[in-house]
1. Give me the residue from region 144-158 that is small (G, A, S) and at pLDDT 90 or above and, out of that set, surrounded by the fewest Cβ atoms within 10 Å (Cβ to Cβ).
2. Residue by residue through region 306-329, note down the ones that are surrounded by 12 or more Cβ atoms within 10 Å (Cβ to Cβ) and out of contact with any helix residue (DSSP H, G or I) (no Cβ under 7 Å at 6 or more places or on another chain).
3. Which one of these is at pLDDT below 95 and either small (G, A, S) or not assigned by TED's automatic domain parsing to the domain that holds N182 (or both): G240, G296, G248?
4. With at pLDDT 65 or above, of a type in the set (G, A, S) and buried (at least 20 other Cβ atoms within 10 Å of the Cβ) as the only criterion, which of A108, A140 stands out?
5. If you scan region 130-157, which residues turn out to be touching a helix residue (DSSP H, G or I) at 6+ places or on another chain (Cβ under 7 Å), in a helix (DSSP H, G or I) and either of a type in the set (D, E, K, R) or under 22 Å from Y120 (Cα atoms) (or both)?
6. So which of I172, I160 is outside any strand (DSSP E or B), closer than 14 Å to A130 by Cα, of a type in the set (V, I, T) and touching a Leu at 6+ places or on another chain (Cβ under 9 Å)?
7. Taking only pairs six or more apart or across chains, which ones have beta-carbon atoms under 6 Å, a first residue in region 279-290 that is in contact (Cβ under 8 Å) with a residue 12 or more places away in the chain and within 23 Å of G101 (Cβ to Cβ), and a second residue that is among the small types (G, A, S) and in a strand (DSSP E or B)?
8. Taking region 258-278 as the region of interest, how many residues are part of a helix (DSSP H, G or I) and among the small types (G, A, S)?
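The values are calculated or read from the model by the stated rules, or taken from the named source; none is laboratory data. As the structure is a computational prediction, the values presented were derived from the model and not from experiment. Positions of Cβ are backbone-derived with ideal geometry, glycine not excepted, and every protein chain shown enters the neighbour counts.
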Amino acid sequence: MSNPLEIVELTHHVKKLATGKISDINDINRETTFLALNALIEAARAGNAGRGFAVVANQVKHVSARIGDITTVLNRELAGSLNKLTDLGDSMIERLRSHEGQRCADLALNMIDVIDRNLYERSCDVRWWATDSAVVDCLAGANEANDATAAHASRRLSVILDSYTVYRDLWIVDAAGNVVANGRPEQYAVKDRNVADASWFRDAMKTASGADFVAADIEALPLLKHAHVATYATAIRENGAADGKPLGALVVFFDWAPQAAAVVKGVRLTDEEWSRTRCMIVSASHRVIASSDDKGLLEEQFRLNTGGKPAGFYDLPDGRTVSFALTPGYESYRGLGWYGVIVQAKAGQA
């Protein structure tokens with residue numbers, strides 16, 4: 001199928017060519033008229049000897065006038081039609097670009113919606129598992145874990161991790177901020193490490209009830225060998241009751257990088273579109289936290305010009321189009337202000 005942009009560009013080229021050639025003809029015709037006029041003057045000066053030459057010069061003048069009439073009509077009709085054709089073409093391309101921008105905005109919304117639905121499940125997991133008897137018992141009794149209950153809790157967390165492969169690790173943290181058990185102790189030796197300064201721990205301990213949870217932004221966590229994780233936490237409460245006294249916190253680390261990569265690289269684009277497109281998840285603080293080209297993760301700042309709208313698209317000075325959609329949230333998960341973003345160059349520009 002022909003590229004509409006190429007057709008419009010060809011139309012502009014034909015218009016430019018026709019306008020230029022008509023102008024050339026007019027220039028030559030003016031010179032011819034001037035020469036015929038000079039010839040008539042010289043023939044008049046020559047008297048009888050110049051009469052024959054005057055006939056020829058006069059005929060050239062008439063031919064030049066006819067050419068002038070033709071170029072005038074040609075300029076009016078052909079150039080007018082080409083102007084209309086190029087205007088129609090430009091309007092068609094503008095509509096196509098608007099349609100493509102809206103399509104990419106819809107794809108950006110689909111990306112962030114998939115993320116939201118996935119992270120909603122993480123918020124459910126952490127609240128559910130915080131009531132597991134092994135987790136609660138680990139911190140019961142003067143809020144101290146003994147070796148037996150901690151080992152049992154660690155095995156329980158390991159079983160959960162075997163079934164829920166989207167997690168890096170699960171931690172049980174006591175009220176003082178000490179990690180007392182985790183699901184992958186052989187991989188992450190975090191037992192007895194203190195995380196009291198971590199915002200997700202402090203906020204989890206402040207949750208009002210077992211229905212509440214904390215969602216932290218993406219980070220490269222040193223204690224998990226700098227893996228990129230989305231952290232979810234809630235208080236472990238006495239007797240597992242929703243209104244029980246906080247004994248500590250359950251912290252779950254969603255293995256963000258591979259899951260997010262699957263989303264941004266799974267956008268439904270053609271091979272040709274992928275050659276000129278970058279799909280991203282951008283945080284509320286403008287950090288690139290996922291990208292289809294794997295560049296700038298947690299380092300690049302990508303500032304959006306949303307105009308206060310939750311979704312839309314706009315053009316960059318270099319001709320690329322930025323389409324975006326703000327997280328809509330899902331169920332009880334309201335999202336963290338993240339955006340799905342698609343940056344696409346025009347066909348033939350990449």
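1. Selected residue: A151.
2. Let us first name the residues in region 306-329 that are surrounded by 12 or more Cβ atoms within 10 Å (Cβ to Cβ), namely 306, 309-315, 320-329.
Correct list: T306, K309, P310, Y314, D315, R320, V322, L326.
3. Working: G296 fails: at pLDDT below 95; G248 fails: at pLDDT below 95.
Sole residue among the options that is at pLDDT below 95 and either small (G, A, S) or not assigned by TED's automatic domain parsing to the domain that holds N182 (or both): G240.
4. A108
5. V135, D137, R156
6. I160
7. Once the first residue is in contact (Cβ under 8 Å) with a residue 12 or more places away in the chain and within 23 Å of G101 (Cβ to Cβ) and sits in region 279-290, its partners that are among the small types (G, A, S) and in a strand (DSSP E or B) give M280/S291; I281/A290.
8. Start the filter on region 258-278 by keeping residues that are part of a helix (DSSP H, G or I), which leaves 258-264, 271-274.
Add one more test, that the residue is among the small types (G, A, S), and what stays is 260-262.
Of the residues in region 258-278, 3 are part of a helix (DSSP H, G or I) and among the small types (G, A, S).
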